[in-house]
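The values are calculated or read from the model by the stated rules, or taken from the named source; none is laboratory data. Computed from a prediction, not measured in an experiment: that's the story for all the values here. As a convention, Cβ positions derive from the backbone with ideal geometry for all residues, glycine included, and neighbour counts pool all protein chains shown. Accessible surface areas use protein heavy atoms only, side chains included; no ligands, DNA or RNA. Shrake-Rupley method; radii C 1.70, N 1.55, O 1.52, S 1.80 Å.
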Amino acid sequence: MKTFLSAGLCAALLSACADVSMPAYRQPETPTKAGWSQSQQAGATVTAPAAISPDWWREFHDPTLDDLVAKAISGNFDIKVLAARINVASAQIGEARAGALPTLDAGAGASFEKSTGQKFTKQFNLATQVNWDIDIWGKVAKGVQAQTAEFRATEADWRAGYLTLVSDVSTTYFQILQFDEQIDQQRKTLEKNRQILATFEAMLQNGLVPQTRVLQQRAEINRLSNDQLELDRLRKLAGNALSTLVGVPAGDFILPTGQLQKTVQLPPVPAGLPSELLKRRPDIVAAEYRVLSAYDLVGQAKLAQLPSISLTGRGGSASFALGSLLKSFTLGFLPSINFPIFDPSVKARIKTSEAQTQVFEQEYRRTVMAAFEEVENALVNLDSHKKQRVELQQAVDNLNIVAAQVQAQLKEGLVSQLELFETERSLLGAQLALLANHQQLLSDTVTLYKAMGGGWPTVDVASSVKDQ
């Protein structure tokens, strides 16, 4: 015991020479933003939590979209993979905690021996051993903290995947509805152009137009027919993508045709503060939790420099007869101290952990910068497309008036049927442009909801350190 106490005193002296100090965890510094450029121009002051609800997709007021999102959340396999990773990370916390618990080994055996000229001998034995590495410095606890931070990072990964899934379902659904309206409009355009062709062919027979004009119109019909086939192809591909998103084999899920502009309403634009963005976007939260995990691993690596104390207890019995095996026992107790401060791999591990922490810090900053860009781009796109919508709507309104006037003039015999066809074709083109703009606005809004973290609550990673 005196020897053990002397060794313990020596260990204490050696530990005093090791640098195990760790500064308090702080969120990595990143460039700051006072606000969003487009929001400042509009004078928006509402905060993100007040503007974005957890089920933000319901703001589009489309029951079909609500059903698709529900199917995707329950059936999508990407989400299931992320959920499975959460289970793995949770189990790894228990694995890390097990490092502070004693281990028990037990075994039994027998030996049989016969030599020439000697009697047959047999011997039975029973042995058990308990090992316990005492976590006096908190090295195992640091590992548990690191794994807990990784567990929370995987939870944030799931939330990020959830947000991406809902966004992809929404934008794919909008695209399908846009294709449906475009296909319908393309059919109308083809019909008008075939009527124009019939008029040209009649005029050709009367010598009123050259043959080249008829051939040009036939080529225009060929182009429009090719465009319609392309729209049909894109619609089917988008349907396959939506099937995969909701967890159904491609081709087995058919979405009924619909009308985008009559079905989906454009919700108000959410606004938020950059400081809230850093705490509510799941990918940013996950990135910071991984910084925290790396920080704890550095602490664990530094604590590994300190001596470790192990307690080993042994017990067993041996006998030449199985019936008398349990009549006597041999017990032993062996405390030991290990000095890893002399192990060069310990110092190397510290440097590796510190370098890895720098990698995670830079990845965190990269994620933050990408988030700022995504929000700004979404706001710019929304602002620009809204302004374009005003111009496109005015063009449609003007062409509607022109079409009505030409229709009236046709009844009076002031214009030809051909002129009416040309006017209506121009109107259809403007309507298609307005439809595309509506889909862009919807997709821009989804992108903005996603960029601002959806409806997930804010998470203060730095404060969560106290709970570990």
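Pairs meeting the criteria (first residue in the stretch 130-159 and under 26 Å from Ser310 (Cα atoms), second residue among the charged types (D, E, K, R) and part of a helix (DSSP H, G or I), beta carbons under 7 Å, at least 6 apart or on different chains) are Lys142/Asp296; Val144/Arg97; Gln145/Asp296; Ala146/Asp296. Among the residues of the stretch 377-398, the one identified as of a type in the set (Val, Ile, Thr), open to solvent by less than 70 Å² (accessible area, probe 1.4 Å) and over 18 Å from Val446 (Cβ atoms) is Val396.
A quick yes/no check of all residues on (1) modelled with pLDDT under 95; (2) hydroxyl-bearing (Ser, Thr, Tyr):
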| site | (1), (2) |
| --- | --- |
| Asp168 | no, no |
| Tyr173 | no, yes |
| Ile176 | no, no |
| Glu181 | yes, no |
| Gln186 | yes, no |
| Gln195 | yes, no |
| Ala198 | yes, no |
| Met203 | yes, no |
| Leu208 | yes, no |
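Within the stretch 354-374, residues that are within 18 Å of Glu150 (Cβ to Cβ) and in contact (Cβ under 8 Å) with a residue 12 or more places away in the chain have Cβ atoms under 6 Å from residues that are surrounded by 14 or more Cβ atoms within 10 Å (Cβ to Cβ) and among the charged types (D, E, K, R) in these pairs: Phe360/Arg290; Tyr364/Glu288; Thr367/Asp283, counting only partners at least 6 apart in sequence or on another chain. Can we say Asp105 is open to solvent by 60 Å² or more (accessible area, probe 1.4 Å), in contact (Cβ under 8 Å) with a residue 40 or more places away in the chain and assigned to a strand (DSSP E or B)? No, not satisfied.
Determine if the stretch 411-418 includes at least one residue that is of a type in the set (Ser, Thr, Tyr), open to solvent by less than 80 Å² (accessible area, probe 1.4 Å) and part of a helix (DSSP H, G or I).
Looking for residues that are of a type in the set (Ser, Thr, Tyr), open to solvent by less than 80 Å² (accessible area, probe 1.4 Å) and part of a helix (DSSP H, G or I), one finds none in the stretch 411-418, hence no.
The residues listed here are Ala146, Ala198; of these, the one that is open to solvent by 30 Å² or more (accessible area, probe 1.4 Å) and of a type in the set (A, V, I, L, M) is Ala198.
In the stretch 177-185, the count of residues that are assigned to a helix (DSSP H, G or I) and within 30 Å of Trp456 (Cα to Cα) is one or more. Could you list, in sequence order, all residues of the stretch 176-195 that are open to solvent by less than 20 Å² (accessible area, probe 1.4 Å), more than 41 Å from the chain's Cα centre (by Cα) and polar (S, T, N, Q)? Result: Thr189, Asn193. Residue check: is Thr447 among the β-branched types (Val, Ile, Thr), over 18 Å from the mean Cα position of the chain (by Cα) and either at pLDDT below 90 or under 30 Å from Glu29 (Cα atoms) (or both)? No. Within the stretch 295-306, residues that are closer than 15 Å to Asp133 by Cβ and part of a loop (DSSP other than H, G, I, E, B) reach partners that are open to solvent by 10 Å² or more (accessible area, probe 1.4 Å) and charged (D, E, K, R) with beta carbons closer than 9 Å, at six or more positions or on different chains, in the pairs Ala304/Lys139; Ala304/Asp343; Ala304/Arg349; Leu306/Lys139.
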